[in-house]
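Chemist: Structure below; questions to follow.
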Amino acid sequence: MEHPDVDVILKKSTPSVFGRGEETVLDPSYRSGHEIPAADIGLKANRLMESLQKSMNTIMFPCRTIELKLYKLAVYQTGGHFDWHMDSTHSDMYHGTLLIALNTAWEGGDLLLRRNGIETRVDLRPRIAPEFPDDKPDLQGVAFFTGTEHRVEPVKDGVRMVLQYDIEIVKQEEKEVGKEKDEESDGTDDEDNDEENEPWMDKIASVYSSRMEAQAVVEATADNAAVEKVLKIIKELHSEGAETIAFALQYLYRQASISAEYLKGSDAVLHDALMASGDFEVCLHPVVHWEMSDWDGEMESHYAYRFDDIEGEIFPEPLTGQPLKKKQKKTNSTAFHIPKLSAIQQISAREYIEHTGNEAMPAEYRYFGGGMFVRRKAK
Ligand SMILES: O=C(O)CCC(=O)C(=O)O
Ligand SMILES: [Fe+2]
């Protein structure tokens, strides 16, 4: 790609604001940069974007169909930066962000991604292969799931320009794999399954997440061996008498997007494998985070409860759309222990609440943790 005309682009751009809760604010100490919205950029679809879309579909959203939608062009001049934030959920379909840096020169301005406390540094400066010094530089890009925290370090010199795309999941009504049967809630789940620190939960979490830790933010999603192991553990637990096995989704979602068709990465792989086996009924629900502390106020453990259990009084209809059969109480029977690598803990943190959103985000669009509830299929 040729060098972009920096002066023209700067003239067309406006200072970047960001969302602090439901407010839109301009605060250069938190974010300093300029931007041009997609509507003012005339970029045609091209082969590069098509092939990028294909590979992101395979790696990040297996068995789903995605589309890339240009969102804006961000311009950072010397001193420009953007502190830790998650991108706002512009729509239910929006599940990832793709950034591609244009061919300009700058110093500093690295992008840092953070998930579950693990940081990954990304230098988006165009690269010239040393063996072909006369060739055009290779542009650099990065894609991450929504709910990933990120920040742009201050640009020390030059101009950094980045095209930002929304990765949207295209809804497919007739898709078989994504279809799930809503669980009938009777509030009497697994009475004999309410030990304090379920060791089996950690077993699942460690099998399921080992590759994730190793690869930080960039995950391998198609780990069939790990998925097989998790299925086996779930079957064993069912045969030992547990009625419902529940565990935290690995990613954050907007409340309305906690459904099979919108699952991301490893959540999608595991869900589809459970459905494909034909042995399970799987349902997904938003969950709320609960912290238990000991007598000294030290945090001891983290639990999740189904959101519709907690909010039963406020929301007469549970989120499954099915009326509750019996009044549900908040009991241990519907709680599950949150594994170390779950994103759910993070969404109740103070900084998260204060500093979320590259644009204002009304409360109903905030991120939620989700839970997968797995029962044995009635034969
Ligand atoms: O420019 C970048 O690398 C990321 C910018 C960003 O995070 C945003 O505008 O939301
Ligand atoms: Fe962002």
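Read-outs throughout are calculated quantities, based only on the coordinates presented, and are distinct from any laboratory measurement. Treat the numbers as computed from the prediction; the structure is a model and nothing was measured. Reconstructed Cβ throughout: ideal geometry from the backbone, glycine too, with neighbour counts over all protein chains shown.
Chemist: Taking R0 as 30 Å, what FRET efficiency do you get between I128 and D5 from their Cβ-Cβ distance, rounded to the nearest 0.05? Don't jump to the answer; show the numbers that get you there.
Modeler: Working: r = 21 Å, r/R0 = 0.69.
Plugging the Cβ-Cβ distance into 1/(1 + (r/R0)^6) gives 0.90.
Chemist: Using a cut-off of 11 Å between beta-carbons, work out the net charge of the residues near N57 (Lys and Arg +1, Asp and Glu -1, N57 not included).
Modeler: 0
Chemist: So if R0 is 25 Å, what FRET efficiency would L139 and V170 give, r being the distance between their Cβ atoms, rounded to the nearest 0.05?
Modeler: 0.45
Chemist: Which distance in nm do the two modelled labels at S239 and E23 give, with both placed 7 Å along the Cα-to-Cβ direction?
Modeler: Label at S239, label at E23, 5.8 nm between them.
Chemist: From the cross-link list K69/K229; K69/K156; K11/K72; K72/K264; K235/K264, which pairs have alpha carbons spaced over 27 Å apart?
Modeler: Pairs exceeding the cut-off: K69/K229; K69/K156.
Chemist: Just the number, please: Stokes-Einstein D of segment 1-147 in µm²/s, Kirkwood Rh from C-alpha pairs, 10 °C, 1.306 mPa s. All intermediate terms of the calculation are to be shown ahead of the outcome.
Modeler: Numbers: Rh = 17.2 Å.
For the chosen part, D equals 92 µm²/s.
Chemist: Of the peptides 17-24, 269-276, 145-152, how do they stack up when ordered by the mean number of other Cβ atoms within 10 Å, highest first?
Modeler: Values: 17-24: 16.0, 269-276: 19.6, 145-152: 22.9.
Result, highest mean Cβ count within 10 Å first: 145-152, 269-276, 17-24.
Chemist: Magnitude of the Cβ-charge dipole of segment 6-51, K/R +1 and D/E -1, about the Cα centre, nearest 20 debye? List each step's numbers first, then the result.
Modeler: Details: 6 positive and 7 negative charges, 45 e Å.
Dipole about the Cα centre, nearest 20: 220 debye.
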